[in-house]
Amino acid sequence: MGTLNKEATENHISHQQKYLNELIARYTKRTKTSKQMTQAYRSVMADNRVSAGFSFPLKEMFYPIVGKRSLGSRIWDIDDNEYIDLTMGLGVNLFGHNPLFIKKALEEQLELGIQLGPQSEFAGEVAELICELTKMERVTFSNTGTEAVMTAIRLARTATGRNKIALFSGSYHGHFDSTLVEAQIVDGNPITVPIAPGIPPNIVEDILVLDYGKPESLDVIKAHQHELAAVLVVPVQTTRPNLQPKIFLQQLRQLTKETGIVLIFDEMVTGFRIHPGGAQAWFDVEADIATYGKIVGGGMPIGIIAGKAAYMDGIDGGMWNYGDESYPQAKTTVFAGTFCKHPLAIAAARAVLKHLKTQGPVLHEELNQRTSQFVQALNTYFAEQELPIRMANFGSLFGPAYSEDSTPSENSSASDSMALLLYHLFDRGVYLLSRGGGFLSTAHTDDDINYIIQAVKDSVEELQIGGFLPVPADKLAKA
């Protein structure tokens, strides 16, 4: 190894800082009203999105873009900057922003009113459509994904009489205490701990956190089979879209069936995205309970718990009929919510499900194929530029690919590169998730995709000039 040239290093750092200062000035001028509004309301509005992942070098650009309007594949911010949107409502807008068939359904319901006391007119029809597409037997409705997962766990505990739950590292199941845990190694031994202050330490007593996709996790489940009420799994995690362990999931299904453990699929993101029947249909795994949200709500807040009658009967006591001696006989648990089956959410869900049913599998097949081609084009370019960035996709979900033995935080060089790349893309009118991934929708056109790919190339070239990304060896040789 050669000796370090201090002067050269200092010049390099000075060049980087000059470049970063120019980017900050350009970006903050373009999005000045978003920055002003963030600062103006910071004292009164507590918002974790404006502080998560805080970085001192990027502090002056550290604020959310304030949205003003949206249509199709586009959003416009408060400064009237136009973006091709890849966040798509954090996975909600499979059909793009404000699609006509959902807008029409909401307008029709608004004309009729928002009746929260009586039963929603279309709730039964929506439940029937969900059962038809997912092959589940019964359905109930909540307001959010967090509530849906919480209820699914409660139903599993009610049915089994057990308390312990197993889940997998890297998964996110909402923000209630029972799933806000992680595995740590202390004195060489694995333990489960809360992930943040305010979560009671005793909550971990009934939670096992296992490695996703690893055969040894199945051994742990088997060892605790008499304690476990359920295994909770996100089939494909948004932070690791390259991890798609079909065989592991099928083995998990077989094990939980043999041991009487409830298998819960958390399909908030994968549900109705990868296939009309979700990840269950894609991986050929029949879960006992599944939770859904996002896409099915058509932009309205909704959570759905669907499953086999043996478990869902814990909501209402089970099936019974008028005119005979039948009555609700199943043991029930507590479930409630003022806004469950909100008429607007039900109207939007009905429109979404009818659209999916009409379009059939072709909608997903074509969108999945286009996303795979998009990711392949990006990866080809990253490889040509010898960059430490690779993308992966699961259907129309895409994001940075990490090894199965690591997490995004452990891939610091790729994460740092991605952070600056994101700001360059924002500046060029491409809006992505903060981790560098996103979603394609049926509203994205070929021109949109081509623009995004070119924006990535232009941004990479700028970062190479600025000294933040390496230049390929063949380019250096020509220089």
The chain, accessible surface, carbon-and-sulfur percent (1.4 angstrom probe): 53 percent
The chain: relative contact order in percent, alpha carbon pairs under 8 Å with at least 6 residues between: 19 percent
Å² of accessible area per residue within the chain, as computed with a 1.4 Å probe and no ligands counted: 49 Å²
Ellipticity estimate at 222 nm from DSSP helix runs (n ≥ 4, -39,500 (n - 2.57)) divided over the chain, nearest 500: -13000 deg cm²/dmol
The stretch 287-388: Cα Rg divided by the 2.2 N^0.38 Å rule of thumb: 1.67
Between the stretch 120-143 and the stretch 342-394, the alpha-carbon center distance in angstrom: 24 Å
Per-pair calculated FRET efficiency, R0 = 41 Å: A46 and Y327 via Cβ, rounded to 0.05: 0.30
Calculated from backbone phi, Karplus (6.51, -1.76, 1.60) coupling profile of the stretch 223-234 in Hz, x at Gly/Pro: 5, 9, 4, 7, 9, 7, 7, 7, 10, 9, 9, 8
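By accessible area of protein heavy atoms, probe 1.4 Å, what ranking do K59, K164 get, highest first? List each step's numbers first, then the result.
On the way: K59 100, K164 25 Å².
Of K59, K164, the descending order of accessible area is K59, K164.
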Local net charge near I295, Cβ-Cβ under 15 Å (Lys/Arg +1, Asp/Glu -1): +3
Partners for K341 among lysines (Cα-Cα distance below 24 Å; same-chain residues under 8 apart left out): K103, K104, K135, K294, K308, K331, K354, K357
Only Lys, Arg (+1) and Asp, Glu (-1) charged, at Cβ; the chain dipole about Cα centre in debye: 640 debye
25 Å Cα-Cα reach of K214 towards lysines, excluding residues that sit fewer than 8 places from it in its own chain: K164, K222, K246, K257
All lysines inside 19 Å of K29 as judged from Cα atoms, apart from same-chain residues fewer than 8 positions distant: K18, K59, K68
Added length on full extension, which subtracts the Cα-Cα distance from 0.36 nm per residue, E366 to V66: 104.8 nm
Given charges at beta-carbon only (K, R positive; D, E negative), |dipole| of the stretch 256-400 in Debye: 460 debye
Mean-position separation - Cα centroids, the stretch 306-334 and the stretch 53-114, in angstrom: 40 Å
Nearest-20 debye value, the stretch 1-145 charge dipole, Cβ charges on Lys, Arg, Asp, Glu: 780 debye
Accessible-area ranking of M418, M45, largest first, probe 1.4 Å: M45, M418
Computed E for H224/D177 - FRET, C-beta separation, R0 22 angstrom, nearest 0.05: 0.60
Cα gyration tensor of the chain - equivalent ellipsoid semi-axes, whole Å, descending: 41, 28, 21
q = 0.22 Å⁻¹, the stretch 103-164: log10 I(q)/I(0) [Debye, one scatterer per Cα]: -1.09
Chain lengthening between Y381 and K18 when straightened (0.36 nm per residue, less Cα-Cα): 128.0 nm
Selection from A279, T256, H444 lying farthest towards where the dipole of the chain points positive, charges on Cβ: H444
19 Å cut-off, amide nitrogen to a point 7 angstrom out along R435 Cα→Cβ, residues in the stretch 181-197: 181-184, 195-196
Cα lying deepest toward the dipole's positive end in the chain, options A52, H173, L218, charges on Cβ: A52
Gain upon complete extension [A310, E121; 0.36 nm per residue less C-alpha separation]: 65.4 nm
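The values are calculated or read from the model by the stated rules, or taken from the named source; none is laboratory data. Everything numeric in this text was worked out from a predicted model, so none of it was measured. So basically every Cβ, Gly included, is an ideal-geometry build from the backbone, and we count neighbours across all protein chains shown. Heads up: the accessible areas ignore ligands, DNA and RNA and are worked out on the full protein's heavy atoms, side chains in. Shrake-Rupley method; radii C 1.70, N 1.55, O 1.52, S 1.80 Å.
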